[in-house]
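Colleague: Pasting in a structure now, in structure tokens, and then I'll have a few things to ask.
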Amino acid sequence: MESLRQLAAHLGLDLIAVGLLTFAVYYPRHRRRDLLPAYLALNAALFTVVAALAQVGGNGGTALGFGLFGVLSIIRLRSDSIQHEEVAYYFTTLVIGLICGLPQLELREAGVLTLLLLLVVYAADHPKLFARSRRTVVTLDAVYESADDLRADLDLRLGEPLNWTVMEVDYVRDLTVVDVRYRTSKPPGKAARRTADGHSDEPARTAGPGRTEEPSLEAV
């Protein structure tokens, strides 16, 4: 009976922690509903397996542990659909399930470790932390003769370039693909001011070195 109470207490701590992580931290910031079941299911599954390992002990616990290792080794996180910060949430839910599922840990110790994880993720993924820093992959309709020309065009189009990597140069189609980290010149969410005649006060973007974009018929 005492073991059941302890298991219930650890389960309650686990559910509260993963609920705060997914519904109070992750979803309000990233708005990906499709990952919520994955986080919750992974956390609950690991909690269950760790609790079962503790109960089995020497009677098959080693075999069950190797089985758990094999299951985790085949999990693939596709980088084209999951961002790095979302992978961090994956591993945080995993560790929370492992910590809360260990019956050897006192509830107070498990609570402190879980709270530490939540605070680290909350602070590391806070929207105000480096709020003006951005990363994007851009395709520019020009081939640049020097890094200074490329930097000037990126500065005009995006903001202050912090670092960039040229991923592709196409001389046939006159294109350059750049993976760039940059700092925006204005706080996020603040739209460009417009004058009384309806024109933006931002400078015109260039379409390459020495060229300017022609106004569309809709803008005339």
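The values are calculated or read from the model by the stated rules, or taken from the named source; none is laboratory data. None of these values were measured; they are calculated from a predicted model. Quick reminder, even Gly has a Cβ in these numbers, built from the backbone with ideal geometry, and neighbours come from all protein chains shown. For accessibility, only protein heavy atoms count, side chains too; no ligands or nucleic acids. Shrake-Rupley method; radii C 1.70, N 1.55, O 1.52, S 1.80 Å.
Colleague: Can you work out which of the residues in the stretch 91-116 that are in contact with a His (Cβ under 8 Å, 6 or more places away or on another chain) and modelled with pLDDT of 85 or more is surrounded by the fewest Cβ atoms within 10 Å (Cβ to Cβ)?
Modeller: Only one residue fits best here, namely LEU107.
Colleague: Quickly run through the stretch 117-130 and pick out the residues that are open to solvent by less than 50 Å² (accessible area, probe 1.4 Å) and under 13 Å from the mean Cα position of the chain (by Cα).
Modeller: VAL121, ASP125
Colleague: Give the stretch 175-196 a look and list any residue that's part of a loop (DSSP other than H, G, I, E, B), open to solvent by less than 40 Å² (accessible area, probe 1.4 Å) and at pLDDT 50 or above, or say none.
Modeller: Residue satisfying the conditions is THR184 alone.
Colleague: Out of all the residues in the stretch 16-41, which are under 22 Å from GLN104 (Cβ atoms) and surrounded by 16 or more Cβ atoms within 10 Å (Cβ to Cβ)?
Modeller: ALA17, VAL18
Colleague: If you scan the stretch 155-174, which residues turn out to be exposed (fewer than 15 other Cβ atoms within 10 Å of the Cβ) and farther than 16 Å from SER185 by Cα?
Modeller: THR165, VAL166, MET167, GLU168, VAL169, ASP170, TYR171, VAL172, ARG173, ASP174 - these are the residues of the stretch 155-174 that are exposed (fewer than 15 other Cβ atoms within 10 Å of the Cβ) and farther than 16 Å from SER185 by Cα.
Colleague: Now for a different question. Within the stretch 82-95, which residues are closer than 14 Å to ALA38 by Cα, part of a helix (DSSP H, G or I) and either touching a residue at least 24 places away in the same chain (Cβ under 8 Å) or not β-branched (Val, Ile, Thr) (or both)?
Modeller: Matches in the stretch 82-95: GLU86, ALA88, TYR89, TYR90, PHE91, THR92, THR93, LEU94.
Colleague: If you don't mind, there's one more thing I want to ask. Anything in the stretch 116-149 that is free of Cβ contacts under 8 Å to residues at least 12 places away in the same chain and charged (D, E, K, R)? List them, or say none.
Modeller: LYS128, ASP148
Colleague: Which residues, taken from the stretch 138-154, are of a type in the set (A, V, I, L, M), surrounded by 12 or more Cβ atoms within 10 Å (Cβ to Cβ) and outside any loop (DSSP other than H, G, I, E, B)?
Modeller: Of everything in the stretch 138-154, those that are of a type in the set (A, V, I, L, M), surrounded by 12 or more Cβ atoms within 10 Å (Cβ to Cβ) and outside any loop (DSSP other than H, G, I, E, B) turn out to be VAL138, LEU140, LEU150, ALA152, LEU154.
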